[in-house]
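Undergrad: One structure, as structure tokens, below. Some questions next.
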């Protein structure tokens, strides 16, 4: 009987997995909560997407492509991969979404990552957005998040975001990389042989740097935003020189007038589904073997959930995962596996070049909001942590991490401050009670 | 004259706003110069933060359905958007 592989996430990793699983002879159901395939990396306006139909696998007879499909739970079973509980609908968060349950012979988890943003005073002001938000608005909607924009934080993602902002007509005042020039150089120039397979990625970054130079956008290292201010929205930001540990150099503060601030301090893997499936983690990512198999039989993981390594490595991981999940001959795909391994080396280099400084919490004041949903401030959390209650009691007492986003945004920060597991969520995504009450559809073979 | 594509007309708390076909509600609001439309528990204004459906800061009510993420929902012509306050016990 033909194997059925369910691939969750249609970014570079999921597309690679679906393509390889079909090539291995399997039937695939490919799901994404967005209405376009491609993930955040290939984001484009809907008219361009419709005109180009850029991903051939979505048109394949052996691949059912389910856009607008949110996986809200994975139900573990004694044998085989978990059942996949989905709500599908034409409109995001709309009425009339349908529940379905998918059973698969193998599951590939490729949910990707989202921006990690460290808190700072004023980060809840409207106009302060993640770098990813600015990128999506620019690339997917052709909208500039502001007219006078500063891009700040750490990591190579700052560059494409600033370039996209220029492309939609924003005045980009500068790109501030919190890491010091020394840390960047050490990270990027160490073990240069590892970069050979990543020349494409290097060229991509060089193109962004050239775009910023043409736009006369200054790129400064060892500097970050330590406060945003404004009445009802961001109006000015305070930047400061940062030491290697991200402590502020006193007296180095400058005030800039802006109408938008785009921030990222790296990426947080979206681990809720792997954790729900029972996958073991290693150093904050899903642990996988040579074939991208997780600790759960029949469950594979690919892309940013196994390490932040960028689109080419994610695609290579997806291909290996999909091939194995689809029952392809073991041991094949030597070139793809090499590309994947080079990508992983690239990831560890990135992490080394853009670490989060240990003393970042020095930016915080007692009234700085840490949990945006519940407006739990740093002082309250610090007092609760000092009271030596267990993490659960602290969360219930302060409500930190218990709001609508379920700690997706503040989770990594809370984990640092309170030593908790930020990724455990019994329900992966909110589902309406009416949808829960409706009996789910069980798709038949080939639907 | 250049070809002018048809617009998507929505209302936000009764005020008409026009966007381009396929745009999300959040993009239409930002392009119209509006950066906040929700409030945190203390009443502080909120708008788009993550832009990809993770943070739930941008929730709106669309044609009577509450808790729709404005950054994900593509606007349909005629959509009636109402802003929703955050009261205790609701998102």
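Undergrad: Assign one of three labels to region B:8-83, namely rounded, prolate or oblate, based on the Cα gyration tensor with a ≥ b ≥ c the square roots of its eigenvalues; rounded applies when a/c is under 1.5, prolate when it is not and a/b is larger than b/c, and oblate otherwise.
TA: Prolate shape, in that a/c is at least 1.5 and a/b is the bigger ratio.
Undergrad: Estimate the FRET efficiency between residue B:77 and residue B:13 by the formula 1/(1 + (r/R0)^6), using the beta-carbon distance for r and 25 Å for R0, to the nearest 0.05.
TA: Calculated value: 0.90.
Undergrad: First check a/c for region A:364-418, with a ≥ b ≥ c the square roots of the eigenvalues of its C-alpha gyration tensor; if it is under 1.5, answer rounded, and if not, answer prolate when a/b is larger than b/c or oblate otherwise.
TA: Numbers: a/c = 1.59, a/b = 1.16, b/c = 1.38.
Oblate, because a/c is 1.5 or more while a/b does not exceed b/c.
Undergrad: Within a 10 angstrom radius of each residue's Cβ in A:401-414, how many Cβ atoms of other chains show up on average? Whole number is fine. Don't skip to the end; give the middle numbers.
TA: Values: counts 0, 0, 7, 9, 8, 2, 0, 5, 6, 1, 0, 0, 0, 0.
Mean shielding by partner chains, rounded to a whole number: 3.
Undergrad: Can you tell me how the protein assembly as shown classifies by the Cα gyration tensor, rounded, prolate or oblate, using a/c under 1.5 as the rounded cut?
TA: Because its axes are fairly even, with a/c under 1.5, the protein assembly as shown counts as rounded.
Undergrad: Between residue A:231 and residue B:66, what's the calculated FRET efficiency when r is the beta-carbon distance and R0 is 22 Å? Round to 0.05.
TA: It comes to 0.20.
Undergrad: How far apart, in nanometres, would the label points at residue A:35 and residue A:48 be if each is projected 7 angstrom from Cα along the Cα-to-Cβ direction?
TA: If labels sit at residue A:35 and residue A:48, their model points lie 1.8 nm apart.
Undergrad: Just want to confirm a number: the relative contact order over chain B, from Cα pairs under 8 angstrom separated by 6+ residues, in percent. It would help to have the intermediate numbers written out before the result.
TA: On the way: 173 pairs, mean separation 30.3, N = 91.
Across chain B, relative contact order equals 33 percent.
Undergrad: Please give the helix A:12-23 orientation as an angle from the longest Cα principal axis of chain A, in degrees from 0 to 90, rounded to the nearest 10.
TA: The angle comes out at about 10 degrees.
Undergrad: Further question on the same structure: Which order do peptides A:218-231, A:39-52, A:382-395 fall in by mean Cβ count within 10 Å, highest first?
TA: The densest-packed peptide leads the list: A:218-231, A:39-52, A:382-395.
Undergrad: Would you please give the FRET efficiency between residue A:214 and residue A:249, computed as 1/(1 + (r/R0)^6) with r the Cβ-Cβ distance and R0 = 35 Å, to the nearest 0.05?
TA: 0.70
Undergrad: Continuing with this model, one more query. Over region A:364-418, calculate the relative contact order: mean separation of alpha carbon pairs under 8 Å at least 6 apart, over the residue count, as a percent.
TA: Normalised by residue count, the contact order of region A:364-418 is 35 percent.
Undergrad: Counting only other chains, and only Cβ atoms inside 10 Å, what mean value do you get across the residues of A:110-118?
TA: 2
Undergrad: Moving to a separate point now. Can you pull the mean other chain C-beta count within 10 Å for peptide A:204-214?
TA: Whole-number average of other-chain Cβ neighbours for A:204-214 is 0.
Undergrad: Neighbouring Cβ atoms within 10 Å as the yardstick, rank A:108, A:101 fewest first. Working shown, then result.
TA: Numbers: A:108 34, A:101 15.
Lowest to highest Cβ neighbour count: A:101, A:108.
Each reported figure results from applying straightforward, stated rules to the coordinates on display, with no laboratory input. Small disclaimer: the values here were computed from a predicted structure and weren't measured. Cβ atoms come from the backbone with ideal geometry, glycine included; neighbour counts cover every protein chain shown.
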